[in-house]
Amino acid sequence: MEKINCGIAATGAAMPEKKLTNHDLEKIVDTNDEWIVSRTGIKERRIMEEGKGNTELAVKACRQALETAKVSPEEVDLVLFTTVTPDQPIPATASLVQARLGAERAAAFDLNAGCSGFVYGLVVGKQFIEAGVYRNVLVIGADLLSRVTDWQDRGTCVLFGDGAGVALLQPTRGKGIMSMELGSDGNQYEMLRLPAGGALMPASHETVEKRMHSIKMNGNEVFKFAVRIIPEVTTNMLRETGRDISELGYLFLHQANLRIMEASRKKLDLPPERMPV
């Protein structure tokens, strides 16, 4: 029996209209445009309007991908939504997207794997395709991080914004997604977390007053971890696929952080043009 490979048939993206520039942030916290750009490469971020949730952006991105691939909502088998900011705990935001799309026969569930959620989603969706269970899988990566950002914390508020991206996975006769590597280090959970709002620390006057419903990050430790793990994982995947670093066309990282990108690029000995900002 011929092996089924999984490929990305189409993509879609959506973001809010409202922009929050570095100059806008200068009026909120002690920072400036030069400092932000020199360290992150970020000039602006998008912010979702009040009263609208994650579903809004995800549906727009999904429709774009389906139109590109000429796939109808009725042909979608699975809606897989990776996010840390669901519209509400129950039901899954994937179910809300499924309903809005009119993908009546599709299964739907959410997946929370933090910053690496979309990668985890691709890997999970890939298994359904390669097992021959499904033919059309929508993998969504979307967050409204502005809703969980402490706008008084200059170390984190410059980084986060709102947006959605989606990949439509289908069987392919080509090589498809060639390699994957997942990992986790739960011992380092305090480096980046959102403490309150779950079963361990439900919402209370105290958690709200202490800003425990917003992202807390140890930027220096996150930097050191990323610079160590990115070259390691990249090298492993190249080895697994029988490729040399010289054959690598581009390396795209999750977050536009110039310090992480530059340090990783030097460790991998990649020319600057292969790691675009």
Exercise for the section: Please report the orientation-averaged projected area of the stretch 125-277, defined via the convex hull of its C-alpha atoms, in nm². Expected result: 11.8
Handout entry: Environment charge at Met275 (Cβ cut-off 14 Å; Lys +1, Arg +1, Asp -1, Glu -1)
Key = +2
Practice task
Find how many whole Å separate the alpha carbon centroid of the stretch 126-181 from the alpha carbon centroid of the stretch 216-259.
Solution key: 17
Exercise for the section: On the protein heavy atoms, probe 1.4 angstrom, tell me the percent of accessible surface of the chain carried by carbon and sulfur. Expected result: 52
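Add +1 for every Lys or Arg and -1 for every Asp or Glu among the other residues with Cβ under 12 Å from the Cβ of Cys6, and state the total.
On the way: positive: Lys3, Lys126, Arg135, Arg173, Lys175; negative: Glu130.
Counting the neighbours of Cys6, the net charge comes to +4.
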Completion exercise
Label model pair His213, Glu74: point-to-point distance (7 angstrom along the Cα→beta-carbon line) in nm is 4.2
Handout entry: Among Val29, Val148, Val84, residue whose mean-square fluctuation peaks in a GNM of the chain (springs only between Cα atoms under 10 Å)
Key = Val29
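May I ask you to derive the FRET efficiency for Asp269 and His205 from their Cβ-Cβ distance with R0 = 51 Å, giving the value to the nearest 0.05? It would help to have the intermediate numbers written out before the result.
Details: r = 53 Å, r/R0 = 1.05.
Taking R0 as 51 Å, the efficiency between Asp269 and His205 is 0.45.
May I ask for the net charge around Leu251, where only other residues with Cβ less than 9 Å from the Cβ of Leu251 are counted and Lys, Arg are +1 while Asp, Glu are -1? Please report the intermediate quantities before stating the final value.
Values: positive: Arg265, Arg274; negative: none.
Local charge sum for Leu251: +2.
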Fill in the blank from the handout: Given a Förster distance of 22 Å, the FRET efficiency implied by the Cβ-Cβ spacing of Arg154 and Glu49, rounded to the nearest 0.05, works out to 0.35
Problem - Label-point separation in nm, Cys115 to Asn32, each point 7 Å along Cα→Cβ - result: 2.7
Fill in the blank from the handout: The ³J(HN,Hα) series, computed from each phi in the stretch 96-108 with the Karplus coefficients 6.51, -1.76 and 1.60 at θ = phi - 60°, rounded to the nearest Hz and given as x for glycine or proline, is 5, 5, 4, 5, 5, 6, x, 8, 5, 9, 8, 6, 7
Exercise for the section: May I ask you to evaluate 6.51 cos²θ - 1.76 cosθ + 1.60, the Karplus curve with θ = phi - 60°, for each residue of the stretch 205-216 and list the ³J(HN,Hα) values in order in whole Hz, giving x for glycine and proline? Expected result: 4, 5, 5, 5, 4, 8, 6, 7, 9, 10, 5, 10
Handout entry: Shape box of the chain [Cα atoms, principal axes, largest first, Å]
Key = 60, 46, 35
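The values are calculated or read from the model by the stated rules, or taken from the named source; none is laboratory data. Everything numeric here is computed off the predicted structure, so don't read it as measured data. Quick reminder, even Gly has a Cβ in these numbers, built from the backbone with ideal geometry, and neighbours come from all protein chains shown. Accessible surface areas use protein heavy atoms only, side chains included; no ligands, DNA or RNA. Shrake-Rupley method; radii C 1.70, N 1.55, O 1.52, S 1.80 Å.
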